[in-house]
Amino acid sequence: MQLLKNRILSQGRCLEGGVLKVDSFINHQMDPLLMREMAAELVRRFSGVAVDKVITIEASGIAPAILVGLELGLPVLFVKKSRPSTMADFYVSSVFSFTKNRTYDICVSKEFICPGERLLFVDDFLANGNAALGVADLASQAGAVISGMGFLIEKGFQDGRRILQERGYRIESLAIIDSLDNGRISVR
Ligand code: 5GP
């Protein structure tokens, strides 16, 4: 998606360890007009795919997911990174975070994922696919199905796409980063 690629090239920053910082329009300050365009593009790419609910993981997935849900007229469920004391019956899985270099638990109330439900997973970044696999594990515990996985930015030099595709998931991403070597962003 050219609009996103242009913005990454003009405002993205490379951090140590292959991390792309997009804090001025996605991860801290957000550009709602760009977000709306990106959501519309994800919806276009998944047209023809049956979806009952949009699912994401807090925090940065929520903005794109809610706009995808708005566009589709579907509810949006965000998986939590800590269990609220008010949540009684839940599914739990664990995820290794690439950016934080630690493993954490994710959870979702059993109330909001039903057997047979078709879920579209939306997130800001695809790196090694760990967040996506954690959410897919929660879905499978509930007997729900992941219909597709849509990402704003994919880091093509990491293994996420291969790992997820090997498990049969359909992946769409709006911009693919080929390299962040030597402080230079290379967009496919
Ligand atoms: P994965 O689970 O695919 O390894 O990593 C994806 C998750 O880690 C995303 O939810 C995102 O929040 C975070 N992440 C991974 N790589 C980057 C990056 O280069 N920049 C930012 N801002 N977040 C990233």
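Read-outs throughout are calculated quantities, based only on the coordinates presented, and are distinct from any laboratory measurement. As the structure is a prediction and not an experimental result, all values here were calculated from the model. Note: ideal-geometry Cβ built from the backbone for every residue, glycine included; neighbour counts use all protein chains shown.
Mind checking the dipole of region 105-188: about its Cα centre, +1 per Lys or Arg Cβ, -1 per Asp or Glu Cβ, Debye to the nearest 20?
Values: 9 positive and 12 negative charges, 46 e Å.
Computed charge dipole of region 105-188: roughly 220 debye.
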Can you find, among Phe78, Asn128, Ile55, the residue farthest towards the positive end of the dipole of the chain? Put +1 on the C-beta of Lys and Arg, -1 on that of Asp and Glu.
Asn128
Can you sort Tyr104, Tyr91 from fewest to most other Cβ atoms within 10 Å of each residue's own Cβ?
Tyr104, Tyr91
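With contacts defined as alpha carbon pairs under 8 Å and 6 or more residues apart, what's the relative contact order of region 66-188 in percent? Show your work: numbers first, answer last.
Numbers: 217 pairs, mean separation 23.5, N = 123.
It rounds to 19 percent for region 66-188.
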For the ranges 117-123, 181-187, what's the packing order if you count other beta-carbon atoms within 10 Å of each residue, average per peptide, and put the highest first?
117-123, 181-187
Can you compute the radius of gyration and Dmax for the chain, using only the Cα atoms, both in Å?
15.8, 48
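Per residue Cα convex hull volume for region 8-51, in cubic angstrom? Let's see the in-between values first.
Working: hull volume 4.9 nm³, N = 44.
Convex hull of Cα atoms, per residue: 111 Å³.
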Given the C-alpha centroids of region 120-188 and region 1-59, what is the distance between them in whole angstrom?
12 Å
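If you count, for each residue, the other Cβ atoms within 10 Å and average over each peptide, how do 136-143, 82-89, 125-132, 24-31 line up from highest to lowest? Please list the in-between numbers first.
Details: 136-143: 17.9, 82-89: 9.6, 125-132: 23.1, 24-31: 15.8.
The most tightly packed comes first, giving 125-132, 136-143, 24-31, 82-89.
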Taking the Cα centre of region 50-180 as origin, sum charge times position over the Cβ atoms of Lys and Arg (+1) and Asp and Glu (-1), and report the length of that vector in debye to the nearest 20.
240 debye
HN-Hα couplings for region 90-99 via Karplus (6.51, -1.76, 1.60; θ = phi - 60°), in whole Hz with x for Gly/Pro, come out as 8, 9, 10, 9, 10, 10, 8, 8, 5, 6
What are the residues whose amide H is under 5 Å from the amide H of Asn128, where those residues sit 5 or more places off or on another chain and H is modelled from the backbone?
Gly160
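Counting Lys and Arg as +1 and Asp and Glu as -1, each charge on the Cβ, what is the dipole of region 142-188 about the Cα centre in debye, to the nearest 20?
On the way: 7 positive and 6 negative charges, 10 e Å.
About 40 debye.
Relative contact order of region 1-152: what whole-number percent is it, with Cα pairs under 8 angstrom and at least 6 residues apart? The partial results should precede the final answer.
Working: 257 pairs, mean separation 31.9, N = 152.
Normalised by residue count, the contact order of region 1-152 is 21 percent.
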Rounded to the nearest 5, what % of the DSSP beta bridges within region 56-188 are antiparallel ones?
40 percent
Which residue fluctuates the most in the chain, going by a Gaussian network model with Cα springs under 10 Å, if the choices are Gly148, Gly17, Gly134?
Gly17
With 10 angstrom as the radius, rank Lys155, Lys80, Lys21 by how many other C-beta atoms surround their C-beta, starting from the fewest.
Lys21, Lys80, Lys155
